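All of the numbers you see were taken from the coordinates with simple rules; none came from a lab. Here the structure is a predicted model, which means the values were calculated and not measured. Positions of Cβ are backbone-derived with ideal geometry, glycine not excepted, and every protein chain shown enters the neighbour counts.
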Amino acid sequence: MYRARLLRYGKQVLPNFFRPYIEAHILCYTSIFSEQADTKINIGQERKNHMDFLLFFFLACALSWTCFHVLKSTLGPRRRANFPPGPPPLPIIGNILQLGENPHQLLAKLAKTYGPLMHLKFGSLDTIVVSSPELAKQVLQTHDQVLSSRPHPEVTAAYGHNKVSVGWLPAVGRWRVLRKICKDHMFSFQRLDSSQGLRREKLRKLVDYVQECCDSCRVLDIADAAFTTSLNLTSASLFSVDFAQAGSDSSHDFKGIVRGLMQLLGKPNLADYFPLLKPIDPQGLKRKAASHVGKLFRIFNEIIDQRLNSESRAYTNYEPKNDILEELLDISRRNESELNRNDILHLLLVSYVLHNFNSEDDNHF
């Protein structure tokens with residue numbers, strides 16, 4: 001149709017002398033345009049066929065995986081003989097849907113039927129529920145070494161925290177070294193007594209800030225002021241510096257990091273119940289945790305670099321600070337294989353988050 005219009009236009013407008021040459025060029029150009037149009041149509045059709053094939057492939061894989069687990073759970077050999085009694089799980093999802101909005105009430109109700117020790121299955125994760133003081137003592141005290149190791153939430157895999165943290169390592173070799181460092185240098189009674197003057201100073205600053213707000217008739221946010229005091233107490237114990245000032249935006253930033261990390265730890269994660277989804281991170285919880293941890297690690301690294309640089313510049317006149325970071329650096333200087341910089345970062349992370357999270361809960365209460 002496009003070629004016919006060009007020919008008609010050439011016959012009406014162009015002189016007879018140039019008509020044969022122009023017609024030849026018009027035929028050549030229109031053939032090229034038509035070939036390009038046909039090529040675009042073919043490419044578009046090939047892309048559509050390719051997308052249809054990928055969609056069919058993923059649907060077939062998902063259906064095959066579902067059928068495999070359904071048949072395995074219904075026709076396969078029963079492995080519940082080694083588990084305590086419990087409600088029968090549904091295929092693939094297990095007992096997840098039975099929890100509801102109040103899981104503690106449901107577990108108490110199920111304990112009346114299946115006993116104080118029962119087995120639940122959440123996705124592909126086997127879970128043992130203990131609901132009596134006697135059995136809890138057996139688990140937490142008598143057989144604590146056997147039952148101390150547990151699967152880590154996928155959120156804790158951010159920056160490899162689960163592989164170096166004293167809270168998630170198996171209770172063997174490396175865990176014992178880190179536990180001894182925590183007990184002797186970070187959470188000892190001597191450390192608590194030595195920070196008594198620091199606690200008094202931070203409380204005095206809090207009282208002065210409250211008095212200043214009262215004198216100037218300013219609105220006082222009690223929770224924010226108390227969190228800032230706790231934040232500075234923690235940062236002074238760890239690094240001998242204050243991270244925030246009362247009424248400033250910096251305290252809100254640190255509060256957001258702490259609250260964000262604890263919310264991510266408490267939020268149900270599909271990757272914990274279905275290990276096949278771990279590389280995908282469907283809810284993005286691990287990526288969010290990595291963002292929060294990365295912000296804290298950047299702050300910690302800057303403080304460590306400043307401390308090491310000040311030591312190197314004034315080696316003869318340098319006075320060691322009486323804080324946790326100085327003790328950890330001393331251990332690392334004596335034996336780096338016992339405690340390296342990565343271990344120090346993760347120990348500081350645990351101490352910082354736990355101290356400030358507990359204080360935030362107390363403030364809201």
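For region 218-225, backbone phi angles converted through the Karplus equation (6.51, -1.76, 1.60; θ = phi - 60°) give residue-by-residue couplings of 8, 6, 10, 8, 4, 4, 5, 5 Hz, Gly and Pro being listed as x. Amide H contacts under 5 Å for Val241: Ala236, restricted to partners 5 or more places along the chain or on a different chain, H placed in the peptide plane at 1.01 Å from N.
Couplings 3J(HN,Hα) for region 198-213, derived from phi with the Karplus relation 6.51 cos²θ - 1.76 cosθ + 1.60 (θ = phi - 60°), are 5, 5, 5, 5, 5, 5, 5, 5, 5, 5, 5, 5, 5, 5, 5, 5 Hz, where x marks Gly and Pro.
Scalar couplings 3J(HN,Hα) for region 186-192, obtained by applying the Karplus form with A = 6.51, B = -1.76, C = 1.60 to θ = phi - 60°, are 9, 10, 7, 5, 5, 5, 5 Hz; x denotes Gly and Pro.
Near the amide H of Gly94, within less than 5 Å, lie the amide hydrogens of Gly123, all on another chain or at least 5 residues away, with H placed in the peptide plane. Residues whose amide H falls under 5 Å from that of Met118, counting only those 5 or more places apart or on a different chain, are Val129, with hydrogens built in the peptide plane.
The modelled label-to-label distance for the pair Leu198/Gln211, using points 7 Å beyond Cα in the direction of Cβ, is 2.5 nm.
Would you mind ranking Glu338, Glu327, Glu319 by Cβ crowding within 10 Å, fewest neighbours first?
Numbers: Glu338 14, Glu327 17, Glu319 6.
With the fewest neighbours first, Glu338, Glu327, Glu319 line up as Glu319, Glu338, Glu327.
Stretching the chain fully between Leu147 and Leu277 yields a gain of 44.2 nm (0.36 nm per residue, less the alpha carbon separation).
Explain nothing, just the number: relative contact order of region 218-284, from Cα pairs under 8 Å at least 6 residues apart, as a whole percent.
Values: 40 pairs, mean separation 13.5, N = 67.
Relative contact order, region 218-284: 20 percent.
Compute for region 82-147: radius of gyration divided by Kirkwood radius, i.e. Rg/Rh, restricted to C-alpha atoms, rounded to two decimals. Write down the numbers at each step before the final one.
Numbers: Rg = 12.4 Å, Rh = 12.6 Å.
The Rg/Rh ratio comes out at 0.99.
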